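These notes concern the structure reproduced below.
The values are calculated or read from the model by the stated rules, or taken from the named source; none is laboratory data. Just so we're clear, the structure is a prediction, and the values are computed from it rather than from any experiment. A quick note on method: Cβ atoms are made from the backbone with ideal geometry, for glycine too, and the neighbour counts reach across all protein chains shown.
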Protein chains: 4
Amino acid sequence: MRTIGAELTRVEQGTVEIELPFDPKLTQQHGLLHAGVISAALDAAGTYAGYSLIDPDASLLTIEFKVNLLSPGRGERFLFRGEVTKPGTTIIVSDGKAYAVRSDGPAKLIASMTGTMMVVRGREGIEG
Amino acid sequence: MRTIGAELTRVEQGTVEIELPFDPKLTQQHGLLHAGVISAALDAAGTYAGYSLIDPDASLLTIEFKVNLLSPGRGERFLFRGEVTKPGTTIIVSDGKAYAVRSDGPAKLIASMTGTMMVVRGREGIEG
Amino acid sequence: MRTIGAELTRVEQGTVEIELPFDPKLTQQHGLLHAGVISAALDAAGTYAGYSLIDPDASLLTIEFKVNLLSPGRGERFLFRGEVTKPGTTIIVSDGKAYAVRSDGPAKLIASMTGTMMVVRGREGIEG
Amino acid sequence: MRTIGAELTRVEQGTVEIELPFDPKLTQQHGLLHAGVISAALDAAGTYAGYSLIDPDASLLTIEFKVNLLSPGRGERFLFRGEVTKPGTTIIVSDGKAYAVRSDGPAKLIASMTGTMMVVRGREGIEG
């Protein structure tokens, strides 16, 4: 996330926000934020929201996620909010919303996400 | 895709393959291919597969996609295959599979995807 | 929905609730509400929420939906809430939540859904 | 499944087929097979495919599933094939396809599914 200029701007129990300034390097051919960036940032927000609820020695593995691209990613900056919908000791489910923020109007919802994560301990997570 | 070193290695009616050599810049903390890269490459393969079946003056907009991360992304190179499951004049559905390829063993399935696209004409697609 | 005893208990612009009393005929082998019933009721709630926002002469076709089963479906009755996340003239996206309701405690979230629908007019919808 | 007239017609390691004759009770207002029935049968096929690969004392819990409705469910009978895409000791992923079968032409793909299941032992599965 850091390599694309994203910043963690809010961390609470079960809720995390990531902000990202507009950067032409992150756009596709029409100047809109790339779907891959939107997805990766939503996945990150949902995963960090999950981390806010688990033991420091546990890790989270994303099992699957689904993204709906709702509106073009046009804005001065972007906000990605991840929230844990279902905490758990084995499976955690997060939902995410991505907003395009502009100084001259209200934020616009551009994408939504649902992701399922597994809580892993020790080497499990990187052995698969 | 080009900025991450990916190459379109097969294009047929309804089927497309993208290959990507291993690159440490595309990995997460454990040296595995990043989920965001896997998702973006699968989305691209599914979308290109759709483009192989539509008029040259039409465009495709991804409405939604779902990715299942099945195994760690560890390999010397990666293959992303997108295939159109359901062609259509308005809605196209593609499935994708991502494989980690190693010289010392069989390719391993690391992720699967289903994506839904809308066929758009003219400015529709970038106006949302 | 009527054949399983479900009732539309709230209809607003973009939000719909369906309630369903417990019925042993709708359970699986452990006495929990069957996943197929949960999914069908969530799909119905999301679709009705969409209908509350479109012209009376238009129809909605579900393109795809995803359900996360979060907790066992154990309750005296069940509430399914569908809300439109993204209205549109061509594509509408709804989210849904299913709750198990018990007289001796708070309602429990048992499932969540995201569904994508296409707005169709005339015969389109049934010709596919 | 039995209550809707479905029959298990093929069981192999990792692959299962369910067949269902047309029945007006299972249709929606246009005489097409109801999306809820399609989803439940696909979920069942994917789950049974998973059961063909696990210990007899283990159970499978569906964590989430996604269905794409591709064509109208019009046919004399319906075939639902579930296949395990990724076996595992904790998480199993299945894909499913639903076909409408007619005596006067080729079978038509009407829906696809991806489902994620967790392998559970003992009481885990019904305690949630």
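Being among the small types (Gly, Ala, Ser), farther than 17 Å from C:ARG102 by Cα and surrounded by fewer than 18 Cβ atoms within 10 Å (Cβ to Cβ) narrows it down to one residue among C:GLY36, C:GLY14, C:GLY31; which is it?
Exactly one residue qualifies, and that residue is C:GLY14.
Could you please find all residues in region C:35-51 being over 10 Å from the mean Cα position of the chain (by Cα) and under 14 Å from D:GLU64 (Cα atoms)?
C:ALA35, C:GLY36
Over 29 Å from B:GLY115 (Cβ atoms) and either free of Cβ contacts under 8 Å to residues at least 12 places away in the same chain or of a type outside the set (Gly, Ala, Ser) (or both): does that describe D:GLU83?
On the way: over 29 Å from B:GLY115 (Cβ atoms): no; either free of Cβ contacts under 8 Å to residues at least 12 places away in the same chain or of a type outside the set (Gly, Ala, Ser) (or both): yes.
Answer is no for this residue.
With respect to the numbered conditions (1) free of Cβ contacts under 8 Å to residues at least 40 places away in the same chain; (2) under 25 Å from A:THR89 (Cα atoms); (3) among the aliphatic types (A, V, I, L, M), which one is the sole condition not fulfilled by C:LEU26?
Single failed check for C:LEU26: (2).
Test of understanding: among A:LEU32, A:LEU70, which residue is more than 30 Å from C:LEU69 (Cβ to Cβ), more than 11 Å from the chain's Cα centre (by Cα) and touching a residue at least 40 places away in the same chain (Cβ under 8 Å)?
Answer to the check: A:LEU32.
When you check D:LEU53 against the structure, is it out of contact with any helix residue (DSSP H, G or I) (no Cβ under 9 Å at 6 or more places or on another chain) and either over 13 Å from D:SER112 (Cα atoms) or basic (Lys, Arg) (or both), yes or no?
Values: out of contact with any helix residue (DSSP H, G or I) (no Cβ under 9 Å at 6 or more places or on another chain): yes; either over 13 Å from D:SER112 (Cα atoms) or basic (Lys, Arg) (or both): yes.
It is true that D:LEU53 is out of contact with any helix residue (DSSP H, G or I) (no Cβ under 9 Å at 6 or more places or on another chain) and either over 13 Å from D:SER112 (Cα atoms) or basic (Lys, Arg) (or both).
Can you tell me which residue within region D:1-11, out of those that are assigned to a helix (DSSP H, G or I) and over 22 Å from D:SER103 (Cβ atoms), is modelled with the lowest pLDDT?
It comes out as D:ARG2.
Taking region C:92-114 as the search range and keeping residues that are closer than 18 Å to C:GLY14 by Cα and surrounded by 23 or more Cβ atoms within 10 Å (Cβ to Cβ), which one is nearest to the chain's Cα centre (by Cα)?
C:GLY96
Can you tell me how many residues in region B:55-68 are acidic (Asp, Glu) and surrounded by fewer than 22 Cβ atoms within 10 Å (Cβ to Cβ)?
Of the residues in that region, 2 qualify.
Mind listing whichever residues of region A:74-83 are within 20 Å of C:GLY96 (Cβ to Cβ) and surrounded by 23 or more Cβ atoms within 10 Å (Cβ to Cβ)?
Selection gives A:GLY82 alone.
Looking at (1) in contact with a Leu (Cβ under 9 Å, 6 or more places away or on another chain); (2) surrounded by fewer than 17 Cβ atoms within 10 Å (Cβ to Cβ), which is the one condition that is false for A:SER71?
Every condition holds for A:SER71 apart from (2).
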